[in-house]
Structure formats: structure tokens, C-alpha cells
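Take a look at the structure set out below.
Any read-out appearing in this document is the output of simple, stated calculations on the displayed coordinates, not a laboratory observation. Predicted model only: the values in this text are computed from it and were never measured. As a convention, Cβ positions derive from the backbone with ideal geometry for all residues, glycine included, and neighbour counts pool all protein chains shown.
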Amino acid sequence: MPEIPEDPFPSVSATLADARALDDQELVDELTDVTRSIRALQAKQAAIIAEVDSRIRAIGHPMSGTAETVAVTLAMSPRSAEHLTDNSVELCSREVVWAALAQGRIDLTKAQRIVDELHEVPDPRREYLELLAIEYALDHTPHQLRRYLLGLTCDHDPDATLRKKALENRGVSVTPRGHGMADISAYVSVEVAEAFMQALEKLAASPECADPYAQGDARTKEQRCADALAGFLTAHCTYRINVDVVIPADTLIGDNEYGAESKRLGPITSELARTLCFSPDARWRRLVTDPLSGRLVDLSAETYRIPERIRRAVKARDLTCRFPGCHRSAEYADCDHIVPWPKGKTRATDLAGLCRHHHRVKTHSAWKVKHDPSTPHHDMVWTSPLGTVHATTAHNYHQRD
């Protein structure tokens, strides 16, 4: 673990009144000092997280559980905590870059960019490239630094080894954005991305994508591209698509305007929920909620194998992975016996939706979990490797998150 520096900038002003008393040059100097102090603290945070990781790994479980500990401690999403943990551990193993951050010479964004782009470059060549990158970063923007690093790696990677490794991470994801909208993101090679955008722009500009009901098409280029993409994908989908929606009965018949829940994308408006449910292609799946608590009622079976009706109910009950702070959809989660069967029964209160990652954390790390039978819906109580306790509960359909 790198040596954590003392506060290198004790002269930084503590109050807004102090800043107002400064002349112009002093104010600029103060901004520089404060910024360098923030960078030093970020280096200190990275060193602390690296030490947490070292202590948890010393426990000896196959999975460390460090990112999960960081997530619940700092109230971060699992993915953000995983990135912070991985970046911190990697940064502290790259002493040249860490020292530049701790000294306030470069900011965290630039430090992480150097670490990420040079991650696969073997030693000792990597340290030499890090020194070059740090010097370049002193008076260039993060975007300029990224282009510079890409040039460095291309010059030192003639057989495209780094590119091949990056290509292994390709994928597509969906992120809800509210108001009935979502982001679809694809991580692909640059040549695929360029070909995709050119094809999409040509499709959007074609007569086939014109709005037949509009007097003149007022859509922007971006709107036409979005409509063209949706039309192309749905037109070429040859199988029936299911959209699972949990909706209160009085919302369904229009007696109130409380929203509903889509298991993939979370809260949706009552209008959109009714549109989905009354669509001629809708496929109904009955899920019963407790009228007082707003949570799904319990279901059970006598076998280890979980019946589909219970599996659906557990996923609808939880909506997301039941690990503290995890927002991954329960639709793709494992339905897990919290207490191993046969001691743990195959019933909804003894089952939980856990994303594959947190299922492995539960099984292979020092994280522990148990049900709390004193609560109405058997809250899950998690204990971290460092002994902190965190509880999660089933989704309440009477409340918005």
C-alpha cells in the first residue's frame, strides 16, 4: 500500500468569507491549491480502499467481497463500487501514477485514464509509457490525453493484442431513464460502430421511414434515427415478446392513477401500464399483492426444484437483486435458497432473487446472510466481511423508490 501523505495544503481557505477577501491572483492560486488538495484526498481514498481489499482478501475466501463492502458503506451502486474498488487497487499498484495524483500533479480522471489505457502493456515498458503520459497530461485535457494514450498503445502493440482483449468485453445493455424512456447502449469495435451509424442514418433518411400521418416530417435527425432503429429491430423479431407488469387492480380499471412496475425497467405510468395490459398481444401472468402491505403474498412447494409460478412471484416481489444497494433486475437473477435445501424450504419467504455476481458473493465470500423472521416479510440481513450489518426488504408496490 502506498504511503498516505499528510494534508499537503494546510493553507487552503476553510470558508467562503475567506475566498471573498482574496484578490484576483490570490483567488486563482487558492483554486489551484484546493484542486490539488482534492486530488491528494482522492489518492488517499484509493489507498484506504486498497487496504480494505487487502484485509478482506486475507480472510481467505475465493471471492473478496471488497466491492460489496464499499457499495454498502458509501451507498453506491454495485457497478460504481466495483469500478471504484478495481480502479483504487489498480491505481495503488501503479506507484508512478498514484504518486502523481497524491502530489496533485494530475487529476483522478487522468490518472484512471492512464491506468486503464496502459493496463495490458507489460512491464517494464509500461512504467516508461506512464511517465510519458503523466508529462503530457500536465497541460492537456482528458480527451487529448486519451488520444495520446491510444497512439502510444498502437505504437507499442503492433500485433493488436490489446484490441483483441478489449473486444472480449463487447455487449449491449438497457438502462431506464424515467418518463417511460430508456437508454440502449452497445460496446462494440469502432468499425462496427461506424458502420452501424452510417447504416442507421441512411435508413432514417429513407422514404420508408417517413411518418405517413404527418404533414411534413418535423422530427430531428436523432429522432428519426431512434424511430428507424426501433422499427428495424421490432420488424425483424419473429417471436412473441412478453412484457411483465405488476399493476394494482384499481389502476388497471382506471379507479386511480397510481403507477405500475415493469420488472425490467422499473416504475411506469398508469397510462403506459394500461396500454401494455390491454394490448391485443398482451400475455397475462397473475401476481397477487397484499392489499395492506403492497407486497406479493407467499407461495410454497415441497421440492428443491422451484416451480415457475414461485420463481415468477419471487422475481416480481423483489424486482431487483436482494443484495444491499444492487439494482440489477430480478428478471435475470438466480432464485436462491437463502438457507440451503432441505433445511431451507422452497417457499417465497425462503427464496431470494440474487444476480449471478451476488449469488457467487453469498456462496464464495465472507459475506453472510440470514432471514429475519420477526419482520412481516422476512427481511434479509447481510453482514459484511468487516462486520457491518445491512438489511434489505421485498419491494413495496405502494411506494415509489
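Odds and ends about this structure:
- Separation of alpha-carbon centers, the stretch 44-66 and the stretch 80-136, rounded to whole Å: 19 Å
- Peptides 389-396, 194-201, 329-336 ranked from most to least packed by the mean count of surrounding Cβ atoms within 10 Å: 329-336, 389-396, 194-201.
- Neighbour-count ranking [beta-carbon atoms within 10 angstrom, fewest first] of 191, 68: 191, 68
- Distance between modelled label sites at residue 29 and residue 86, nm, 7 Å Cα→Cβ extension: 4.3 nm
- Amide H contacts under 5 Å for residue 328: 321, restricted to partners 5 or more places along the chain or on a different chain, H placed in the peptide plane at 1.01 Å from N.
- Peptide packing: for 105-114, 132-141, the average count of neighbouring Cβ atoms within 10 Å per residue gives the ranking 105-114, 132-141, highest mean first.
- Computed over the stretch 16-163, Kirkwood Rh from alpha-carbon pairs, angstrom: 17.0 Å
- In this label model, residue 218 and residue 368 are separated by 6.4 nm, measuring between points 7 Å along each Cα→Cβ vector.
- The length gained on full extension between residue 45 and residue 309, counted as 0.36 nm times the residue separation minus their Cα-Cα distance, comes to 90.4 nm.
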